[in-house]
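Engineer: Sharing a structure below in structure tokens format, with a few things to ask.
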Protein chains: 2
Amino acid sequence: MLHVVIMAGGSGTRFWPASRAAQPKQLLQLAGPRTLLQATVDRLDGLVPRESILVVTAERLLPAVRQQLPEVPESGLVGEPCKRDTAPCIGLAALLVARHDPDATLAVMPSDHVIDPAAAFRDAIRQAAALVDEDPARLVTFGIKPTYPAEGFGYIQQGQRLPGAGAAVHRVARFKEKPPAAVAAEYLAAGTYLWNAGIFVWKARTIIAALAERQPECLAHLHAIVAAWDGPDRATVFAREFAAIRGISIDYAVLEHAHDVLVVEAPFGWDDLGGWSAVARQRGADADGNTVVGRHLAIDSVRTIIHADGDHLVVTMGLEDMLVVHTADATLVADRSHEESVRRVVAELEKRGWREFL
Amino acid sequence: MLHVVIMAGGSGTRFWPASRAAQPKQLLQLAGPRTLLQATVDRLDGLVPRESILVVTAERLLPAVRQQLPEVPESGLVGEPCKRDTAPCIGLAALLVARHDPDATLAVMPSDHVIDPAAAFRDAIRQAAALVDEDPARLVTFGIKPTYPAEGFGYIQQGQRLPGAGAAVHRVARFKEKPPAAVAAEYLAAGTYLWNAGIFVWKARTIIAALAERQPECLAHLHAIVAAWDGPDRATVFAREFAAIRGISIDYAVLEHAHDVLVVEAPFGWDDLGGWSAVARQRGADADGNTVVGRHLAIDSVRTIIHADGDHLVVTMGLEDMLVVHTADATLVADRSHEESVRRVVAELEKRGWREFL
């Protein structure tokens, strides 16, 4: 049976001050009236029942996640006691699902991307699930056709086309780390490299077996956690054993070493929403090129992004290519050419000990 | 005896959103820890007792003025029921003071300028009072030596030097309205034009006589108000009679027609604080040219003015020559080249009916 694992533990800092430690990107209404996490769950309507959704987030985010997803049963919410990257997260989810459904197929996906249309996404997941049903040893990834020489994504080099599976499915020749600009340009020109979207489909037992081979210590800790899952010591054991795991991504831990990896070229629109300009792309702009969320008055302002919480009024005058983000206790005003540096703000706040703004 | 009349009814819009209808410029801490009004009163210490200070403001501002000036007796606070420019304001103040001190000398001054040092200011007022004592027909004005060809001020053309009164005292040749740039440049080059600082010294009875001659209707209304001042109908009569007056400035009403007008070149530093750049001049800037009031973190930001109320954090990144003013319910972000247009914001808010932000 198909189950979905949503990874919702991210703590991105690119949207400060809208995003905070207690309210990271996936919990924000960045692209529309639903938060990115809510939109991720909405997108599964008709693909799996809600009982087959497992949301893995950080323990401290559980109350907020619970509030945003009243339709997901409590047993579908897992709060990691600390951050350990994607391999332990995915391994734990696979073990938890396999307890009740040993032949489960898992679709694993991030909670903070924009994907549209949802129907194409669901079809693609079904196609991948069929590939896995056909050969349970397969690990299926999704790749996005690059539209520019991005330096911020990992790439997947397409190998041989999988016979009889349609034009979109290839064996993976190699995973490539985030490349420098010149290399990214080569990838784009070659036409055989896709962005790694971090969306995976595989059998729970297959990924467990892969972890057993490549990350046996990690898997041992995860087994200890699952053994205590339904007993009184769940929290204690979870905290102790999970903290003992070395954090590692599923790409490093498994995918780069695996032989039977396929990549499906995504038939859906995708945006990782890596910053405010991506938000502006999603939301569109008015005739002056301004993208506005909240109450705003523009005077001689162009190509400016405004994001204001609540009823606060933001007035901009004579601005070009600027970013203004207003929240109850903090405001960011930045030139859009500095968008990539928003993380520096968070680093600087940490350095100064201004924890109330993190 | 010397009395001081402080005109505190201004409703400037150049400092929006820091300044509002209910909290105009003179009530703000723009240049330091004391508001401009408080600093105006502080400056009089040693010149006149507090019982000799009359603050004329707008009726709706009375509670705020009372709170800011606990040292001024209630009888020293007058709240105009509507706005009628400076001549009615000054005429009323002269009549009120003359009731108890028919030979009173009045020093009339705005409440929203920066003047420093205070001792030089007090000396200059004493010098002007002596000129008036010498010849009670005189009307004394103060002029500021221009430092640039300002288009935003009225000018006073110096005439013949007053014999025996020192180099700083001249007869007024002519009052000049706010000039266009080329004319302002001529004035500056000529060296005989001063900015009109709106500070006046004269006998109460002299200005009353001048109003009687030039503005008899205005004076009749003011007499009616003063006749009812100590009775039960003060508020009713004040509201009715003051509203019936045609608003006119003391310059138009009296000064431009008077023959015995002197101008004293001010021996003190003066700034009318006409906008945020003037505030920055007063407050000074840090090594990056930034002027900051409130909690601020600057990343790659230069020549930027930040004014944030309360504990709100403003972070600026990659800004040059910008202005950021944050208040509880509204924020202005502007290029400093648009500083003169801040009034447009208020006009636009009025047009849209967003009265809660005015």
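Engineer: Out of B:Val325, B:Val342, B:Val346, I need the residue that is over 20 Å from A:Gly353 (Cα atoms), more than 7 Å from every other protein chain (Cβ to nearest Cβ), assigned to a strand (DSSP E or B) and in contact (Cβ under 8 Å) with a residue 12 or more places away in the chain. Which one?
Structural biologist: Working: B:Val342 fails: assigned to a strand (DSSP E or B); B:Val346 fails: assigned to a strand (DSSP E or B).
None of the other options fit; the residue is B:Val325.
Engineer: Also, quick follow-up: Could you go through the range A:234-246 and let me know if any residue there is assigned by TED's automatic domain parsing to the domain that holds A:Ala137, without any contact (Cβ under 8 Å) to a residue 40 or more places away in the chain and surrounded by 16 or more Cβ atoms within 10 Å (Cβ to Cβ).
Structural biologist: yes
Engineer: With respect to A:Leu319, determine if the residue is crowded, with 21+ Cβ neighbours inside 10 Å, at pLDDT below 95 and not small (Gly, Ala, Ser). First the steps, then the outcome.
Structural biologist: Working: crowded, with 21+ Cβ neighbours inside 10 Å: yes; at pLDDT below 95: no; not small (Gly, Ala, Ser): yes.
No; evaluated as a whole, the condition is false for this residue.
Engineer: With respect to A:Ala98, determine if the residue is under 26 Å from A:Leu211 (Cβ atoms), of a type outside the set (D, E, K, R), part of a helix (DSSP H, G or I) and touching a Lys or Arg at 6+ places or on another chain (Cβ under 8 Å). Working first, answer last.
Structural biologist: Details: under 26 Å from A:Leu211 (Cβ atoms): yes; of a type outside the set (D, E, K, R): yes; part of a helix (DSSP H, G or I): yes; touching a Lys or Arg at 6+ places or on another chain (Cβ under 8 Å): yes.
So A:Ala98 fits the description; yes.
Engineer: So which of A:Ala258, A:Ala243 ends up being touching a Pro at 6+ places or on another chain (Cβ under 7 Å), more than 24 Å from B:Leu349 (Cα to Cα) and more than 9 Å from chain B (Cβ to nearest Cβ)?
Structural biologist: Residue meeting the stated conditions: A:Ala243.
Engineer: Looking only at residues in the range A:52-76 that are in contact with a His (Cβ under 9 Å, 6 or more places away or on another chain) and not β-branched (Val, Ile, Thr), which one is nearest to A:Pro88 (Cα to Cα)? Show your work before the answer.
Structural biologist: As a first pass, look at the range A:52-76 and keep what is in contact with a His (Cβ under 9 Å, 6 or more places away or on another chain): A:52-54.
Filter once more, so that each one left must be not β-branched (Val, Ile, Thr): A:52, A:54.
Numbers: A:Ser52: 20, A:Leu54: 14 Å.
The extreme case among them is A:Leu54.
Engineer: Of the conditions (1) surrounded by 19 or more Cβ atoms within 10 Å (Cβ to Cβ); (2) on the phi > 0 side of the Ramachandran plot; (3) not charged (D, E, K, R), A:Gly191 fails just one. Which one is it?
Structural biologist: Every condition holds for A:Gly191 apart from (1).
Engineer: Then there's this: Within the range A:307-322, work out how many residues are touching a residue at least 40 places away in the same chain (Cβ under 8 Å) and in contact with a helix residue (DSSP H, G or I) (Cβ under 6 Å, 6 or more places away or on another chain). Lay out the reasoning, then the answer.
Structural biologist: Filtering the range A:307-322 for residues touching a residue at least 40 places away in the same chain (Cβ under 8 Å) gives A:307, A:309.
Subset that is in contact with a helix residue (DSSP H, G or I) (Cβ under 6 Å, 6 or more places away or on another chain): none.
Counting residues in the range A:307-322 that are touching a residue at least 40 places away in the same chain (Cβ under 8 Å) and in contact with a helix residue (DSSP H, G or I) (Cβ under 6 Å, 6 or more places away or on another chain) gives 0.
Engineer: Give the range B:308-321 a look and list any residue that's more than 7 Å from every other protein chain (Cβ to nearest Cβ), out of contact with any His (no Cβ under 7 Å at 6 or more places or on another chain) and part of a strand (DSSP E or B), or say none. Explain how you work it out, then say what you get.
Structural biologist: Filtering the range B:308-321 down to residues more than 7 Å from every other protein chain (Cβ to nearest Cβ) leaves B:308-311, B:320-321.
Of the ones still in play, those that are also out of contact with any His (no Cβ under 7 Å at 6 or more places or on another chain) are B:310-311, B:320-321.
Hit for the range B:308-321 is B:Glu320, nothing else.
Engineer: While we're on this one: Go through the range B:155-186 and give me each residue that's more than 19 Å from B:Val132 (Cβ to Cβ), under 23 Å from the mean Cα position of the chain (by Cα), not basic (Lys, Arg) and not in a strand (DSSP E or B).
Structural biologist: The answer is B:Glu177, B:Pro179, B:Pro180, B:Ala184.
Engineer: While we're looking at this one, here's another question. Go through (1) under 17 Å from the mean Cα position of the chain (by Cα); (2) of a type in the set (Ser, Thr, Tyr); (3) surrounded by fewer than 21 Cβ atoms within 10 Å (Cβ to Cβ) for A:Thr86 and report which single condition fails.
Structural biologist: Status for A:Thr86: all satisfied but (3).
Okay, residues lined up against (1) among the aliphatic types (A, V, I, L, M); (2) in contact with a Leu (Cβ under 7 Å, 6 or more places away or on another chain); (3) crowded, with 21+ Cβ neighbours inside 10 Å; (4) modelled with pLDDT of 95 or more:
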| site | (1), (2), (3), (4) |
| --- | --- |
| B:Leu44 | yes, no, yes, yes |
| B:Arg66 | no, yes, no, yes |
| B:Pro70 | no, no, no, yes |
| B:Ser75 | no, no, no, yes |
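Engineer: Only one residue in A:Asp311, A:Asp321 is of a type in the set (D, E, K, R) and either farther than 19 Å from B:Leu349 by Cα or in contact with a Phe, Trp or Tyr (Cβ under 9 Å, 6 or more places away or on another chain) (or both). Which one?
Structural biologist: Working: A:Asp311 fails: either farther than 19 Å from B:Leu349 by Cα or in contact with a Phe, Trp or Tyr (Cβ under 9 Å, 6 or more places away or on another chain) (or both).
Only one candidate passes the filter, namely A:Asp321.
Engineer: Looking only at the range A:282-306, which residues are within 11 Å of chain B (Cβ to nearest Cβ), under 16 Å from A:Gly32 (Cβ atoms) and in contact with a helix residue (DSSP H, G or I) (Cβ under 7 Å, 6 or more places away or on another chain)? Let's see the steps before the verdict.
Structural biologist: Step one: list which residues in the range A:282-306 are within 11 Å of chain B (Cβ to nearest Cβ), which gives A:294-301, A:304, A:306.
Now drop any that are not under 16 Å from A:Gly32 (Cβ atoms), which leaves A:294.
Selection gives nothing.
Engineer: Does the range B:328-339 hold any residues that are more than 7 Å from chain A (Cβ to nearest Cβ) and part of a loop (DSSP other than H, G, I, E, B), and which are they?
Structural biologist: First, pick out the residues of the range B:328-339 that are more than 7 Å from chain A (Cβ to nearest Cβ): B:328, B:336, B:339.
The answer is B:Ala328, and nothing else.
The values are calculated or read from the model by the stated rules, or taken from the named source; none is laboratory data. The structure presented is a predicted model; accordingly, all values stated were derived computationally and were not measured. A quick note on method: Cβ atoms are made from the backbone with ideal geometry, for glycine too, and the neighbour counts reach across all protein chains shown.
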